[in-house]
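Each reported figure results from applying straightforward, stated rules to the coordinates on display, with no laboratory input. From a predicted model like this one, the values you see are computed outputs, not experimental measurements. Positions of Cβ are generated from backbone atoms using ideal geometry, with glycine treated the same way; all protein chains shown enter the neighbour counts.
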Amino acid sequence: MAESGILEARHLVKRFYGHAAVSDVSFVLKPGEILGCLGPNGSGKSVTLKMLTGLIEPTRGSVLYSGVDVTGGDVEFRRRFGYVPEEPHLYPFLSGRGYLELVAGLRDLPTNVARPKINALLERFGLGEAAEQSISGYSKGMKQKTLLIAALLHDPDVVILDEPESGLDVGSILVVRELLRVLAVRGKAILYSSHIVEIVERLCTRVVVLSAGRVIVDGSVDHVRTVTRSGSLEEAFATLSAQHPHALASEIADIVTAHA
C-alpha cells in the first residue's frame, strides 16, 4: 500500500492522431515536496498534467493516488487536488466572487465556510475591490490570481500548477512562491510545471525534465547539475534537452545582421 498522499504517473502515453505527445512518463510526487516539471515547448508537460488531473484520458499508462488507480479523474481524487491550468479560461460573465462561489459549490464547501474564506483570499490576493467586477474586465494577472484562489479554496492535498506565474506582477510572484513553500512545509504535494529554469531552480526540491514526451532525468537540482557536470540548472537543462542556446543564438544573429 502506497503512502497516503502520494501521486504517481506510471508509464503515461498519449497519442493524438498517431502522434505521440507523451511517449513514456513516470514519476512520483510526495507530500511536502515541490516537484518542478521542466521541458521545452512540445515536450509534453501540459499534456502530462492534464492526464494527471483527468482532463485527458491517457492512451496507455495509469495515474495512482495513495496506491489507488485514479486514471481518467476519479471523483474522490478530484476533491483532493487543486489545478491551475496554463490558460486562464474563466466564465467572463461572472464576477470574481461569483466564479469562486461557483467553484466552492462544485467542491461541496458549505456556504458558512466558503464565504469568509473567499472574502479573505480575495483581499490577500489584492482582488477585494474588484470582487464584484465582471471577469471579462480583468487583466491576465487578475485572472491568474482568481485561478490560484480557486485551486486552493478547498484546501487540497495535491496542487498542480502549469505556468502559474503568467501575467503576475513581481510582488505577486514573490508571494506565490513563498506561499507554495509554506504549503509544502505543511504537507502539501506540489507539482510546478514551467519553462523558466530559474524559477524551478529557486523553488523546487526536485526536478523532472521532459524531452520529446519522455522523462530524461528525475532528481534533486544538485543531482541534475552533477550528472551533467553543469554549474547551474539552466546549463544542465540545455545539455539534457539537447539545446545549445549560444550556438542557435549566434546563427539567428548572423541571419538578422547579414547584408545582401
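Roughly how many debye, to the nearest 20, is the charge dipole of region 97-222 about its Cα centre, given +1 on each Lys and Arg Cβ, -1 on each Asp and Glu Cβ, and no other charges?
The dipole magnitude comes to about 180 debye.
Could you name the aspartates and glutamates in cross-link range of K143, using Cα to Cα under 12 Å and dropping any fewer than eight places away on the same chain?
Straight-line reach from K143, under 12 Å: E86, E87, E165.
Loop-only check: which chymotrypsin sites (Phe, Trp or Tyr not before Pro) in region 43-124 are DSSP coil with at most 16 other Cβ within 10 angstrom?
Within region 43-124, the qualifying chymotrypsin sites (Phe, Trp or Tyr not before Pro) (loop, at most 16 other Cβ atoms within 10 Å) are F93.
Tell me, what HN-Hα J-couplings in whole Hz come from the Karplus equation 6.51 cos²θ - 1.76 cosθ + 1.60 at θ = phi - 60° for each residue of region 71-79, using x for Gly and Pro?
Calculated HN-Hα couplings, in order: 4, x, x, 3, 4, 5, 5, 4, 7 Hz.
When N is the residue count of region 181-220, what does its C-alpha Rg come to as a fraction of 2.2 N^0.38 Å?
1.25
Skipping prolines and chain starts, which residues have an amide H placed within reach, meaning under 5 Å, of the one on S211, given they are 5 or more residues away or on another chain?
For S211, whose amide H was placed from the backbone, the distant partners under 5 Å are I216.
Counting Lys +1, Arg +1, Asp -1, Glu -1, what net charge surrounds C37 among other residues with beta carbon under 9 Å of its beta carbon?
Once all neighbours under 9 Å are counted, the net charge is 0.
Along the charge dipole of region 1-97, which of V25, P85, S95 sits closest to the positive end, that is, farthest toward it, with unit charges on the beta carbon of Lys, Arg, Asp and Glu (+1, +1, -1, -1)?
Of V25, P85, S95, it is S95.
If the cut-off is 28 Å between C-alpha atoms, which lysines fall inside it for K14, apart from same-chain ones fewer than 8 positions away?
K30, K45, K50, K188
State, in angstrom, two size descriptors of region 87-204 derived from its alpha carbons: Rg to one decimal place and Dmax to the nearest whole number.
So, for region 87-204, Rg and Dmax equal 14.0, 41 Å respectively.
Give a residue-ordered list of calculated ³J(HN,Hα) values for region 161-169 (Karplus: 6.51 cos²θ - 1.76 cosθ + 1.60, θ = phi - 60°; whole Hz; x for Gly, Pro).
Calculated HN-Hα couplings, in order: 10, 10, 6, x, 8, 4, x, 7, 7 Hz.
Give me a comma-separated list of calculated 3J(HN,Hα) values for region 118-129, in order, Karplus coefficients 6.51, -1.76, 1.60 applied at θ = phi - 60°, integers in Hz, x for any Gly or Pro.
For region 118-129, the Karplus curve yields 4, 4, 5, 5, 4, 5, 5, 8, x, 10, x, 6 Hz.
Taking H placed 1.01 Å from N in the peptide plane, check which residues at least 5 places from I160 or on another chain put their amide H under 5 Å from its amide H.
Here the answer is G82, Y83, V84, L191, since their amide H atoms fall under 5 Å of that of I160.
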